[in-house]
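The next block holds one structure in the form of structure tokens; read it before the comments.
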Amino acid sequence: MSSSGKAAVTGVGLISPLGKGVAENFKGVIEGRSGISLHDERSEVPECLKYFGRVEGLDKLEGVPAKVAGQTRFLNRGSMLGFEAAREAIDNSGLELSCVPRERRSLFIASGDFTNLGYEFIHPALREVTRHSTENIDLCALNKATLDRVNPFFLLESINNNLFSFLSASFEFMGPNTSLASLSPLGGNALELACGRILCGEADVALAVGCGSWVNEVPMYELEGLGILSKCKRGGRSFRPLDRSRDGFIPGEGGAAILVENAESAKKRGAPILAMINGFGNCIELPHGKGLSVPELISKRCIESALEQGSFEPGDLAFICPHGSGTRKGDRSELQSIAEVLGKSSESVRVCALKPYTGHMGAASDLAEVIIGIKALMEGVVPGTLNFCRAESGFEDLGISSSNQQATGKSFISVSYGIFGQSSSVLVETL
């Protein structure tokens, strides 16, 4: 297809429980490794809270400009992960930022970070005053202890746009920008905004970043309360999306970033063009009934919208990467959506879910899956769905496999959905 008027991916960055950097993460996926492991052996803790995907070795950020180095102490966990991914994406693009006017550099950050939901920063003051008893608390003493023991900058760490000003200042992205805060489809939304600024001529380069940490006790208890976490009866291998024995997901943390430029401009500067972004789909499907029910066809319309925008047919795809949260209703709704979109093309188009390699990383997951998908098609392979054994009745004909398969095309769709029916999809074509 012609690259005229398209957004080209020229840089990618990724950090996850599988490792630091795109190369290490892709190697882990192809080797069938998982970053999910046991982190709590206490007998009183439910099994579903003992397993998660955590990034190791992130004690200090690298490549922070001297002018903002003092501000790193204000960053929360998710923001540190997002910065690492953004720095790699910029470095790998070969782009000399000084050659791009600051007001022509666009930035969109998707944050689904739950780092400070536990309010751990106030616990020392509470312990000092209560001495493990909540009766007859001396409020004056508590106020004084809080002033003495609590970091006064905790508010900066807890806001959803924690990374935004730091990353903007670090690389002087002063063009069209915003910070998004919500759940899973956010990374794709940020990428769509980034591509939009490129295609309408408002920016020369645009960076989309997704980051978040879902591995802290309070959000994990909340996710358990919603009934969407795996019971982890098989330990770290319990995350089994698309499998008939699935029972929910295992959380993780990470950061992912994609740098896009106008395709023609990227070619002129000799940029390493990795892929073209050819279309997006964003829809809301209303669930039947009350509560957190999942619509019957959660992602059908958003997949069709992306295909229509890119002038693609379903059979043009090498694979579809669904959200794959591993919940009973969610996966069934996605599989039914895919089956109806593909029709007879289901014989040639593969289906793979990537979250069990890292755990569900919130706003970082959908961008991470786009990155892994790009790397996979560049190598002519469709990654296997980790821990998959047997398809649910009615979906045996869909091309799901636990093993890596040969790719038969150069394009794929990555899908993400969130609670209450929000869904998004990204259509990507490698060169």
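Filter segment 350-366 down to the residues that are assigned to a strand (DSSP E or B) and in contact (Cβ under 8 Å) with a residue 60 or more places away in the chain and list them by number.
351, 360
Taking strands (runs of 3 or more DSSP E) that do not extend beyond segment 1-99, which have at least 1 residues that are within 15 Å of the chain's Cα centre (by Cα) and surrounded by 13 or more Cβ atoms within 10 Å (Cβ to Cβ)?
In segment 1-99, the matching strands (runs of 3 or more DSSP E) lie at 7-16, 51-53.
Only one of (1) under 14 Å from residue 366 (Cα atoms); (2) among the aliphatic types (A, V, I, L, M); (3) surrounded by fewer than 24 Cβ atoms within 10 Å (Cβ to Cβ) is not met by residue 181, so which one is it?
In the conditions (1) under 14 Å from residue 366 (Cα atoms); (2) among the aliphatic types (A, V, I, L, M); (3) surrounded by fewer than 24 Cβ atoms within 10 Å (Cβ to Cβ), residue 181 misses (1) alone.
Before we move on, is residue 38 under 27 Å from residue 250 (Cα atoms) and either touching a Leu at 6+ places or on another chain (Cβ under 9 Å) or modelled with pLDDT under 95 (or both)?
No.
Of all the residues that make up segment 100-113, how many are of a type in the set (Val, Ile, Thr) and either crowded, with 24+ Cβ neighbours inside 10 Å or within 21 Å of residue 366 (Cβ to Cβ) (or both)?
The total comes to 1.
What are the residues in segment 203-219 that are touching a Lys or Arg at 6+ places or on another chain (Cβ under 7 Å) and within 18 Å of residue 36 (Cα to Cα), if any?
Residues satisfying the conditions are 213, 215.
Scanning for something over 21 Å from residue 85 (Cα atoms), buried (at least 24 other Cβ atoms within 10 Å of the Cβ) and modelled with pLDDT of 95 or more, does segment 215-229 turn up at least one residue?
Checked against the condition, which is being over 21 Å from residue 85 (Cα atoms), buried (at least 24 other Cβ atoms within 10 Å of the Cβ) and modelled with pLDDT of 95 or more, segment 215-229 yields at least one hit.
Please give the number of the condition residue 419 fails out of (1) among the β-branched types (Val, Ile, Thr); (2) at pLDDT 95 or above; (3) closer than 25 Å to residue 82 by Cα; (4) out of contact with any His (no Cβ under 7 Å at 6 or more places or on another chain).
All conditions pass for residue 419, except number (2).
If residue 2 satisfies every condition in (1) over 27 Å from residue 353 (Cβ atoms); (2) modelled with pLDDT of 90 or more but one, which is the exception?
Here residue 2 meets the rest and fails (2).
Please go through segment 367-416 and give me each residue that is of a type in the set (Gly, Ala, Ser), over 28 Å from residue 190 (Cβ atoms) and not in a loop (DSSP other than H, G, I, E, B), ordered by number.
Those that are of a type in the set (Gly, Ala, Ser), over 28 Å from residue 190 (Cβ atoms) and not in a loop (DSSP other than H, G, I, E, B): 391, 399.
Cβ-Cβ below 8 Å, separation at least six or inter-chain, first residue in segment 148-173 and closer than 19 Å to residue 61 by Cα and assigned by TED's automatic domain parsing to the domain that holds residue 70, second aliphatic (A, V, I, L, M) and surrounded by fewer than 15 Cβ atoms within 10 Å (Cβ to Cβ): which pairs?
Cβ pairs passing all conditions: 171/97; 172/97.
State yes or no: is residue 40 assigned by TED's automatic domain parsing to the domain that holds residue 229, touching a helix residue (DSSP H, G or I) at 6+ places or on another chain (Cβ under 8 Å) and free of Cβ contacts under 8 Å to residues at least 12 places away in the same chain?
It is true that residue 40 is assigned by TED's automatic domain parsing to the domain that holds residue 229, touching a helix residue (DSSP H, G or I) at 6+ places or on another chain (Cβ under 8 Å) and free of Cβ contacts under 8 Å to residues at least 12 places away in the same chain.
For segment 317-332, give me the residue count where each residue is surrounded by fewer than 19 Cβ atoms within 10 Å (Cβ to Cβ) and in contact with a Ser or Thr (Cβ under 9 Å, 6 or more places away or on another chain).
The number of residues fulfilling the criteria is 1.
Can you pull out the residues in segment 373-430 that are without any contact (Cβ under 8 Å) to a residue 40 or more places away in the chain and β-branched (Val, Ile, Thr)?
Answer for segment 373-430, where residues must be without any contact (Cβ under 8 Å) to a residue 40 or more places away in the chain and β-branched (Val, Ile, Thr): there is none.
Which of the residues belonging to segment 140-158 are among the aliphatic types (A, V, I, L, M) and either crowded, with 16+ Cβ neighbours inside 10 Å or within 31 Å of the chain's Cα centre (by Cα) (or both)?
Within segment 140-158, 142, 145, 150, 155, 156 qualify.
Output the residues belonging to segment 311-334 that are in a loop (DSSP other than H, G, I, E, B) and among the polar types (S, T, N, Q).
Residues satisfying the conditions are 311, 325, 327.
The values are calculated or read from the model by the stated rules, or taken from the named source; none is laboratory data. Owing to the predicted nature of the structure, the values given are computational and were not obtained by experimental measurement. As a convention, Cβ positions derive from the backbone with ideal geometry for all residues, glycine included, and neighbour counts pool all protein chains shown.
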